[in-house]
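The block underneath contains the structure these notes are about, expressed in C-alpha cells.
The values are calculated or read from the model by the stated rules, or taken from the named source; none is laboratory data. Please read all numbers here as calculations on a predicted model, not as lab measurements. Cβ: placed from backbone, ideal geometry, glycine included. Neighbour counts: every protein chain shown. With ligands, DNA and RNA removed, areas are computed over all heavy atoms of the protein, side chains included. Shrake-Rupley method; radii C 1.70, N 1.55, O 1.52, S 1.80 Å.
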Amino acid sequence: MGVNADGSGEPVPGDGAGDDSRHPVVWLFDEYARPYWKSFAGGLALSTTEQFPSRLQTVLIGVAIDAVLLGSGPFRLPLVPDSWLPTGQSAQLRLALVLLFGSFAAVAVLNFTSRRVLGRFAQAFQHEVRTEVFDTVQRLEMDYFDQHDTGEVMSVLNDDVQELQSLVGGVLARGLSLVTVAVASYAYLLWLNWQLAVVLSFVPVVLFGMSYGFSRWIEPKQLAVRERVGDLNSRLNNNIDGVSVIKAFGTESTERERVRSASRDHRDAQWDAHWASAAMDPVTRTVSQLARVVTLVLGGVWVLSGPPLFFTGTLTPGALYVFFRYVGSLMVAMQGVAEVVDAYQTGKAAATRLQGVVEHDTVVDHPDARELTDPDGAVSYDDVTFTYPSRDEPTLSNVSFEADPGETVGIVGPTGAGKSTVLKLLLRYYDVRESADSRAHQDASSSENADRGTISVDGTDVRDVTVESLRGAIGYVSQDPFLFYGTVRENVAYARPEADDEAVVEAAKLAGAHEFVADLPDGYDTTVGERGVKLSGGQRQRIAIARAILRDPAILVLDEATSHVDNETEVLIQRTLDELAADRTTFVVAHRLSTVRDADRILVVDDGEIAERGTHDELLDRDGLYANLWHVQVGDVTALPDAFLERVRREESA
Ligand code: ATP
C-alpha cells in the first residue's frame with residue numbers, strides 16, 4: 001500500500017504502487033511512450049544538438065578577438081584542421097562572421113524544431129497516459145471507488161497527467177542538454193587550458209553532490225504536494241456535489257472552514273517544497289560565482305603578468321574571454337541541474353500516483369475466462385460467504401439458492417441485511433475471494449468467517465467468464481440510478497447506443513416513462529441535468545428501467561427500482577415488468593412487499609443469511625420474519641409478536 005509523504009499511512013490513489021518493481025518514471029515511459037519513441041528520441045537529439053552551435057558562438061568571438069583583432073595568436077578552431085582555415089586577417093574575420101551568423105541560424109532552426117517535436121511528443125504522451133489510465137480506472141474494482149473519492153481520482157487523471165509535460169520538457173530534454181553542455185564545456189576548457197580547468201574541477205563535483213542531496217531532500221516534499229492537490233480536489237468536488245445538502249443544513253461556514261483547511265494544507269505543502277527549491281538556488285549560485293571569481297583572478301594575473309603559482313605557459317585575452325564565458329555556461333548548466341532535479345521529483349511523484357492507480361487490483365478476467373454467450377439465465381449461489389474488503393466481519397454468510405431460467409426471485413429483509421450485496425456479487429462488482437490466509441487457518445472460527453462459495457450462471461462460475469460478457473447479460477437498475485448529463489433519449493439508449501427511436505420509445509412505454517417524457521419541454525430531447533437533477537426520483541427510476549429493458553438481458557436485476565414511484569405507477573410498471581420477467585430471470589429487491597408478492601420465490605435475508613424462503617403464501621403460513629414484515633406493511637400491527645416489536649425497538653435505538 002502507498003503511504004502518504006507525511007508517513008501517515010493513509011491510502012493514496014496510488015495505494016497499489018510498488019507492485020511493479022520498475023522505477024515509476026521508467027514504468028511510465030515504457031508503458032506509454034513506446035509508440036512515440038521516434039519523435040521522443042528525435043526531439044532529444046535536436047535539443048541536445050542545439051547546444052553545439054550555441055557554444056560555438058563564444059568560441060568564434062574569442063578566436064576572433066585574439067587572431068583577428070589583436071593579432072596575438074593563430075586562428076584555430078576546435079576539431080577543425082589548421083590547414084582548412086584562411087590565413088589573412090580579413091579572410092579570418094569574414095569566416096568568423098559567416099560562422100557566427102550560421103550558428104545563430106542553426107540555433108534558431110534547431111530550437112524551433114526540437115520544441116515542436118518534443119511538444120508534439122509531450123502532448124501525444126499525455127494523451128496516451130490520460131486515456132489509458134482512464135481506461136484502467138474504469139475497470140478498477142468497486143473497492144477502489146469505495147476508498148477514493150471522485151476528486152482524488154480526478155486529480156490523478158488531470159493534474160498528475162499535466163505534470164508529465166514538465167517531465168518531458170523540463171527534465172529529460174533540459175537535463176540531457178545540461179549534461180551535454182556541462183561535458184562539452186568542460187572538455188573544451190581542458191583543451192583550451194587544462195591547468196586552469198583542473199583547478200576549477202572542484203565546482204562541478206561540489207554542485208553534483210549538492211544536487212543529489214537536494215534531490216533526496218525534496219522528494220517527499222513534492223509527493224506531499226501531489227497528495228494535498230488530491231485532497232483539495234476531493235474537498236471541492238464533494239462540496240459542489242453536495243451543495244443541496246449544504247444549503248439545506250445551512251453549513252456554508254463549516255464547509256468554508258473545511259475548504260480553507262484543505263487549501264491551507266495545500267499551501268503549506270507547496271510552500272515547504274517551494275522554499276526548499278528557493279534555498280537551493282542561492283547556494284548553487286554562490287558556488288558558481290566563486291568559480292568565476294577564481295577564473296578572473298587567476299586568468300587576469302596570468303594574462304597581465306605571466307603564469308601565477310604553479311601554472312606554466314601563456315593565456316591570451318581571447319582565451320580568457322572564452323574560458324570565462326565557458327565557466328559561466330558550465331555553472332549555469334550545473335545550476336540548472338537543481339531545477340531539473342526539482343522538476344524531476346514533481347514528475348516522479350505524479351508518475352508514482354499514476355502507477356499506483358494502474359496497479360490497483362482490478363476484477364481481471366483470468367487468462368482462460370470465456371465469453372458468456374446467449375445464457376439461459378439459470379443462477380445459482382452455493383454456500384457464499386463474503387466480506388467487503390474494508391470490513392472484518394462477513395456481510396453475507398452461507399448464502400445458497402437457485403433461480404431457474406425465467407423465474408422471478410424476490411429478495412426482502414430489513415435494511416442493511418445484505419440484499420443489494422447478494423446482487424452486487426452476481427454482477428461481479430466484488431468477487432468472493434478465498435484468501436490464502438483463510439485457507440491456511442484451519443481452526444473452525446476463522447474458516448467459518450472466511451470468504452468462500454460459488455456463484456454461477458448457467459452452471460459456470462461467474463469468475464470464469466469475462467466481466468464484459470457477464471454484465472452484458474444482466475440488466476441492472478440500482479436503488480439510486482445514475483443518469484448522465486444529456487438528453488432523455490441518450491440516457492435510455494445508453495444501454496444500446498445503436499437502438500432506433502422506436503425502440504427507445506417502446507422501452508420507455510414499458511417502463512411507464514413515456515407519458516411524462518412526452519410532457520417534458522423537448523420530449524425525448526430534454527436534457528436531464530447533471531445526474532438527472534431536473535427529474536424527480538421516480539422519473540429517474542423509470543428512465544433507468546427503460547434503459548435496462550432496452551438492453552433485453554437474460555437476467556434482470558431490479559434493486560429497489562420502483563421505490564420512488566407512487567403505488568399506482570408501480571402497479572403499471574409491475575404489470576409490464578411481469579410480462580418482461582416472464583422469459584428472463586429476474587431478481588427484485590424491495591422493501592414494499594407488494595412488489596414481490598407474485599414472485600416465484602422469495603428470499604428473506606436477515607443479518608447476511610437467508611432466514612426464510614418460499615412463496616408469499618408459504619411465508620405467511622410460516623408466520624416468521626416475512627409474515628411480520630407483511631403485517632407491518634398492511635398496518636396489521638396487532639398481529640405482530642412482542643419479540644418482533646422488541647427487535648425493532650432495539651434496532652431503532654442502535
Ligand atoms: P438496504 O435495504 O438498506 O438497501 P441492504 O439489505 O441492501 O440494505 P446492503 O446494501 O447489501 O444492505 O449492505 C449490507 C451491509 O454491508 C451493510 O451493513 C452495509 O453497511 C455494508 N456495506 C454495503 N456496501 C459496502 C461497501 N462497499 N463496503 C463496506 N461495507 C458495505
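Structure shown: which of Lys221/Lys424; Lys221/Lys247; Lys38/Lys348 lie over 29 Å apart, alpha-carbon to alpha-carbon? Listed pairs above 29 Å: Lys221/Lys424; Lys221/Lys247. Going by a ≥ b ≥ c, the root eigenvalues of the Cα gyration tensor, does the range 196-314 fall in the rounded group (a/c under 1.5), the prolate group (a/b larger than b/c) or the oblate group? It is prolate, given that a/c is not under 1.5 and a/b is the larger ratio. Looking at the range 196-314, the accessible area is 57 square angstrom per residue; that uses a 1.4 Å probe and ignores ligands, DNA and RNA.
So for the range 483-552, averaging the separation of alpha carbon pairs under 8 Å that are six or more residues apart and normalising by length, what relative contact order in percent results? RCO, the range 483-552: 52 percent. Where in the chain are the helices, taken as whole DSSP H runs, whose Cα atoms extend 24 angstrom or more along the long axis and whose Kyte-Doolittle mean reaches at least 0.5? Those that pass (Cα extent of 24 Å or more, hydropathy at least 0.5) are 174-199, 317-358. Shown here for the range 296-352: chymotrypsin sites (Phe, Trp or Tyr not before Pro) in loop regions (DSSP other than H, G, I, E, B) with at most 11 other Cβ atoms within 10 Å, namely Phe310.
Could you tell me what percent of the accessible area of the range 483-552 is made up of carbon and sulfur, with a 1.4 Å probe and every protein chain present? Taking all protein chains in place, the range 483-552 shows 47 percent carbon and sulfur surface.
Based on C-alpha pairs under 8 angstrom that are at least 6 apart in sequence, the chain has a relative contact order of 14 percent. A simple rule links phi to the HN-Hα coupling: the Karplus curve 6.51 cos²θ - 1.76 cosθ + 1.60 with θ = phi - 60°, which for the range 479-486 gives 4, 10, x, 9, 10, 7, 5, x Hz, with x for Gly and Pro.
The residues neighbouring Asp160, those whose beta-carbon lies less than 12 Å from its own, together hold a net charge of 0 under the Lys/Arg +1, Asp/Glu -1 convention. Rolling a 1.4 Å probe across the protein heavy atoms gives the range 508-654 an accessible surface of 50 Å² per residue. Straight-line cross-link reach from Lys534 at under 14 Å between alpha-carbon atoms covers these aspartates and glutamates, not counting any fewer than eight positions away in the same chain: Asp519, Asp522, Asp525. The Cα atoms of the range 483-552 give a gyration tensor whose axes a ≥ b ≥ c have a/c under 1.5, which makes the shape rounded. Please list log₁₀ I(q)/I(0) at q = 0.05, 0.08, 0.11 Å⁻¹ for the chain, using the Debye equation with identical point scatterers on the alpha-carbon positions. Computed log10 I(q)/I(0) values: -0.41, -0.78, -1.18. Within the shell of other residues whose beta carbon sits under 10 angstrom from the beta carbon of Ala350, the net charge comes to 0, with Lys and Arg scored +1 and Asp and Glu -1.
Distant-in-sequence amide contacts of Asp552, defined by a placed amide H-H separation under 5 Å and a gap of 5 or more residues or a different chain, comprise nothing. Put simply, the amide H of Val605, placed in the peptide plane, has neighbours under 5 Å in Val412, Gly413, Ala611, leaving out anything fewer than 5 places away on its chain. Residue-normalised convex hull volume from the C-alpha trace of the range 514-654: 151 Å³ per residue.
For the chain, the residue among Val327, Thr585, Thr421 whose Cα projects farthest onto the positive side of the dipole built from Cβ charges is Val327.
Toward the positive end of the charge dipole of the chain, with +1 on the Cβ of Lys and Arg and -1 on the Cβ of Asp and Glu, the farthest Cα among Val648, Thr312, Ser390 is that of Thr312. Summing +1 for each Lys or Arg and -1 for each Asp or Glu among the other residues whose beta-carbon sits under 12 angstrom from that of Tyr388 gives -4. Solvent-accessible area of the range 196-314 (1.4 angstrom probe, protein heavy atoms only): carbon and sulfur portion equals 63 percent. Amide H of Thr526 versus every other amide H placed in the peptide plane: which residues, excluding those fewer than 5 positions away on the same chain, fall under 5 Å? Amide H neighbours of Thr526, under 5 Å, 5+ apart: Val488, Arg489.
Maximal additional length on extending the Arg139-Val98 stretch stands at 8.7 nm, based on 0.36 nm per residue less the C-alpha distance. Beta-bridge orientation, the chain: approximately 50 percent antiparallel, per DSSP, counting only bridges with both partners inside. Only the Cβ atoms of Lys and Arg (+1) and of Asp and Glu (-1) were treated as charged; on that basis the dipole of the chain about its Cα centre amounts to roughly 5760 debye. Mean separation of Cα pairs under 8 Å and 6 or more residues apart, divided by the residue count, gives the range 503-654 a relative contact order of 16 percent.
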